[in-house]
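The values are calculated or read from the model by the stated rules, or taken from the named source; none is laboratory data. From a predicted model like this one, the values you see are computed outputs, not experimental measurements. Note that each Cβ is placed from the backbone with ideal geometry, even for glycine, and that neighbours are counted across all protein chains shown. Just the protein is used for accessible areas: all its heavy atoms, side chains included, with ligands, DNA and RNA removed. Shrake-Rupley method; radii C 1.70, N 1.55, O 1.52, S 1.80 Å.
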Amino acid sequence: MAYIKPQTTNAQAIEGSKVWYFVKSWDALKTDGPAMPAFQMDAEFSSSSDSNSERTKQGNIVSAGTKEQTIDLAQKAATGDPATEIIEAAHAAGEKIHVWRVVVDKNNAEKVSTGVPSGEVGYGFHAKYGQALISDFNISDPVEGQSEVSYTMSISGSMQDNDVKTNPFILTDKDIDALEVFYSYQNPDQVGQD
């Protein structure tokens, strides 16, 4: 009997708050940036497949069936949120959208300079890309609390992984700050009525 050394890893857990989803309408221009749904809460990417089983005299033969992938996303409703407008319009028209699942963690990102505005620091992040139909779209308006929007994106085919070194999903520090922070620091003389 031979010893086989187990694989070891220095993997780090992914925080759910660092996984951001972006969408883009099907007929958008290449130069139109993707929109991040405002106030994202819970999200779930699911990939499942059926198995086909055929009984024979020697036992069952099992083969892979059709794969199905979905993204369920919930967010707080917000006026003027372009992502919600894209999703609601696509659902109403029965059109596909583009969707990205991006792990926005600078510790695991590649610094990039190509395609980044001069003077800004850019990061290339790992992402999955898919084309999806909105199969469910719901707005919840509770008596107490804020309204919520939830929807299911059914992926056509399978989500595709990017290669961070050759085809990263790029965000700059300014992009990340704008998406994370509601407002920036203001001195007393910068706020108030004129």
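Some observations on this one:
- Scanning the range 128-166 for residues that are among the aliphatic types (A, V, I, L, M) and open to solvent by 60 Å² or more (accessible area, probe 1.4 Å) gives LEU133, ILE139, VAL143.
- Matching option when the condition is modelled with pLDDT of 85 or more, farther than 17 Å from THR70 by Cα and open to solvent by 70 Å² or more (accessible area, probe 1.4 Å), among ASP27, ASP32, ASP42: ASP27
- Boolean, ASP175 is surrounded by fewer than 10 Cβ atoms within 10 Å (Cβ to Cβ), under 29 Å from GLU95 (Cα atoms), of a type outside the set (Gly, Ala, Ser) and modelled with pLDDT under 95: no
- Of all residues in the range 3-22, those that are of a type in the set (Asp, Glu) and open to solvent by less than 100 Å² (accessible area, probe 1.4 Å) total 0.
- Filter result (in contact (Cβ under 8 Å) with a residue 60 or more places away in the chain and outside any strand (DSSP E or B)) within the range 142-161: GLN146, SER147
- Any hit, the range 47-61, residues being closer than 17 Å to MET159 by Cα, under 14 Å from the mean Cα position of the chain (by Cα) and open to solvent by less than 100 Å² (accessible area, probe 1.4 Å): no
- Residue under evaluation LYS111, criteria (1) at negative phi; (2) out of contact with any Phe, Trp or Tyr (no Cβ under 8 Å at 6 or more places or on another chain); (3) free of Cβ contacts under 8 Å to residues at least 60 places away in the same chain; (4) exposed (fewer than 14 other Cβ atoms within 10 Å of the Cβ), criterion not met: (2)
- Subset of the range 100-134 (residues that are touching a helix residue (DSSP H, G or I) at 6+ places or on another chain (Cβ under 7 Å) and assigned to a strand (DSSP E or B)): VAL103, TYR123, ILE134
- For the range 63-88, a residue qualifies if it is without any contact (Cβ under 8 Å) to a residue 40 or more places away in the chain and either polar (S, T, N, Q) or open to solvent by 100 Å² or more (accessible area, probe 1.4 Å) (or both), and the qualifying residues are SER63, THR66, THR79, GLU85.
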